[in-house]
Amino acid sequence: MSKLKDDRVSKETQVTKISQEHIDYLHRVRMEKISVRVIQILIFGVAFLLWEICANTKIVDPFITSQPSRVFNTMVRLYEDGVLFHHIGITCWEAFLGFVLGTLVGTIIAIMLWWSEFLCKILEPYLVILNSLPKIALGPVFIVWIGAGPPAIIVMTLAISLIVTVLEVLNGFLTVDQEKIKLVQTFGGSKYQVLTKVVLPASYPTIINALKINVGLSWVGVIVGEFLVSKAGLGYLIVYGGQVFKLDLVMTSVIILGVAAAVMYQGVVYLERMLVKNKA
Amino acid sequence: MKPVVEVHNVGMKYQSLNGEITALENINFSVQDGEFVSIVGPSGCGKSTLLSIISGLIASTSGAVLLSGEKVTGTSPKIGYMLQKDHLFNWRTIFQNVMLGLEIRKTVTSSAKEHAIKLLKTYGLYEFKDKYPNQLSGGMRQRVALIRTLVTNPQILLLDEAFSALDYQTRLIVNDDIYDIIKKENKTALLVTHDISESISMSDRVILLSKRPGKVKNIYEINFDIKNRTPFSSRETPEFRYYFQEIWKGLDVHV
Ligand SMILES: Nc1ncnc2c1ncn2[C@@H]1O[C@H](COP(=O)(O)OP(=O)(O)O)[C@@H](O)[C@H]1O
Ligand SMILES: [Mg+2]
């Protein structure tokens, strides 16, 4: 046993004195990080500034391109009319619901397909066809079946994200190391225990990846849905603005949409940090 | 006394669309309580299959396996299985990994937890119990894997190439280490390996299987004239070379 002493030093505890070279290295890394961030902000600022200047000097026509000051004014006006957060809220809620349902239902279906190989074989060709079908084509069908309203929008979102989720997550399940499954079985583990002790936790990274894809897809679903049916929401504002040639309204909505989608994506990234702690 | 493991006329045929693979044919041997037995043979000769059958993970297509006289029909708490890799779950802490088997068997009690902690302390892993596997070295991880098996209190340990994923130096150390633990905890062990030296250094008997379909080709009794035998000290004896030559001849390797 004595031979094991050095072997027992955990990788973490091998802390040595910090040298000047290392301090310099850390400094360089930090400076690079700061420069990247500064340039990113600069690009953003310059782009908006150019946009504003070009519109003011009539290099581009602000009637069709809008401009930052008009976007800002539009936002303020929407806010003063008391409808800004109404529209944002509706769209975000629909996107969130579609996103959660798509992930949840998709994962449940993936679990069923994992559980029964027979079922999986039967459903495979249908999954392939549904996956390649442009789901937007089903929009009118949903409206007729469900009626023009938020439920149709959410079903649209589901339709877009569901199959991708099923395939992604199932693929994750199937690539779990067979030997890890065998390990659980050697302890007499049941199929349910194989699922809960290995397959699901080992697939958290895959599921999170599916979530990241789904964030984008659920926004597509919601906006398409709102284009088709809605009377409120950011998608509605975009369509309405386009129809009455209020490009200020369109641009404002698009910008809010971008921010909302980014916030939701960051939410998933945060969730990832909480769930997937120790990526080996 | 009744043998702990009896293998009677065991045969195994795998079915596939391309035909039938006879992995094992007419295997007979038994293992006494406290014995350390190795199974060596060329790769693909059915060693893993044999362990899976003994553990009850898969059913043989002919013959029977008895554990202390009882016929094997499924997995048994009497058996602890060690796989080639440690397969520690990187989403669990060391302690949570050690508790896996107990959780699955639904036998987590405070005395079982104490047992786990005692084992971790005895084998120098207690201070790492709240760390994650990726913070441990290969040798330590393999020891955690053994403790994960030991806390379920198995009588018999099945080790399937349990050391072959380790580099040579680490392997020699882990051989000594695991041998020591197995002897201290008074377990019967059945080790599958393709490493002749490893099998001689650790075992009381070596069972040689032929290439597929695997049959028992020969059984070698291993005796060393030394006190406090360890795998490492066994390797330094004159008898070791002799056994190696014998088994090497028996294995009849062609490249
Ligand atoms: N599930 C299985 N289905 C079909 N053939 C298998 C299966 N498992 C193992 N085999 C075949 O049985 C033979 C013995 O395999 P195995 O027991 O893993 O050998 P070893 O562990 O000695 O290398 C191999 O030829 C392998 O291809
Ligand atoms: Mg094998």
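FYI, it's all coordinate maths here, none of it is from the lab. All figures in this text were calculated on a predicted structure; none of them were measured in a lab. Every residue, glycine as well, gets a Cβ built from its backbone with ideal geometry; the counts of neighbours run over all protein chains shown.
The residue list A:M31, A:G235, A:L217 was ranked by how far each Cα lies along the charge dipole of chain A toward its positive end, using unit charges on Cβ atoms, and A:M31 comes out on top.
Given a Förster distance of 30 angstrom, what is the FRET efficiency for A:I64 paired with A:F85, based on the Cβ-Cβ distance and rounded to 0.05? According to the calculation, E is roughly 0.60. Shown for B:T188, B:T170: other C-beta atoms within 10 Å of each C-beta, ranked fewest to most, produce the order B:T170, B:T188.
Which of the residue pairs B:K71/B:K211; A:K191/B:K121; A:K121/B:K211; B:K121/B:K215 have a Cα-Cα distance greater than 31 Å in the structure shown? Walk me through the intermediate numbers first.
Values: B:K71/B:K211 27 Å; A:K191/B:K121 33 Å; A:K121/B:K211 36 Å; B:K121/B:K215 42 Å.
Where the Cα-Cα span goes over 31 Å, the pairs concerned are A:K191/B:K121; A:K121/B:K211; B:K121/B:K215.
Comparing A:V222, A:V128, A:V38 in a Gaussian network model of chain A, where Cα atoms under 10 Å apart are tied by springs, the biggest mean-square fluctuation is seen for A:V38.
Compute the Kirkwood hydrodynamic radius of the range B:124-255, taking the inverse of the mean of 1/r over all pairs of distinct Cα atoms, and give it in Å to one decimal.
Details: mean 1/r = 0.0618 Å⁻¹.
Averaging 1/r across every pair of different Cα atoms and inverting gives 16.2 Å.
Once both labels are positioned 7 Å from their Cα atoms along Cα-to-Cβ, the gap between A:V259 and B:N134 label points is 3.6 nm.
Going from the fewest other Cβ atoms within 10 Å to the most, the residues A:I213, A:I34, B:I58 appear in the order A:I34, B:I58, A:I213. Placing a label point 7 Å from the Cα of B:E20 along the Cα-to-Cβ direction, the residues of the range B:57-84 with a backbone N closer than 16 Å are B:60-63.
Counting only alpha carbon atoms, the long axis of helix A:247-275 and the longest principal axis of chain A meet at about 10°.
Relative to one another, the C-alpha centroids of the range B:72-96 and the range A:215-280 are positioned 46 Å apart.
For the segment B:80-92, counting C-beta atoms of other chains within 10 Å of every residue's C-beta and taking the mean gives 5. Packing here is the average count of other Cβ atoms within 10 Å per residue, and on that basis the peptides B:123-135, A:103-115, highest first, run A:103-115, B:123-135.
May I ask for log10 I(q)/I(0) of the protein assembly as shown at q = 0.06, 0.07 Å⁻¹, from a Debye sum over the Cα atoms as equal point scatterers with solvent left out? Evaluating at q = 0.06, 0.07 Å⁻¹ gives log10 I(q)/I(0) of -0.48, -0.61. Calculate the length of the line joining the C-alpha centroid of the range A:112-149 to that of the range B:108-185, in whole Å. So the two Cα centres are separated by 48 Å.
Here the gap between A:W115 and A:Q266, fully extended at 0.36 nm per residue and compared with their Cα-Cα distance, gives a gain of 51.1 nm. Once the Cα atoms are used to define both axes, helix B:168-184 deviates from the longest principal axis of chain B by about 80 degrees. Modelled spin labels at A:M75 and A:R37, positioned 7 Å past Cα toward Cβ, are 2.1 nm from each other.
Fewest first, what order do A:Y79, B:Y243 take by the number of other Cβ atoms within 10 Å? Could you put the intermediate results ahead of the total?
Numbers: A:Y79 11, B:Y243 23.
Fewest to most other Cβ atoms nearby, the residues stand as A:Y79, B:Y243.
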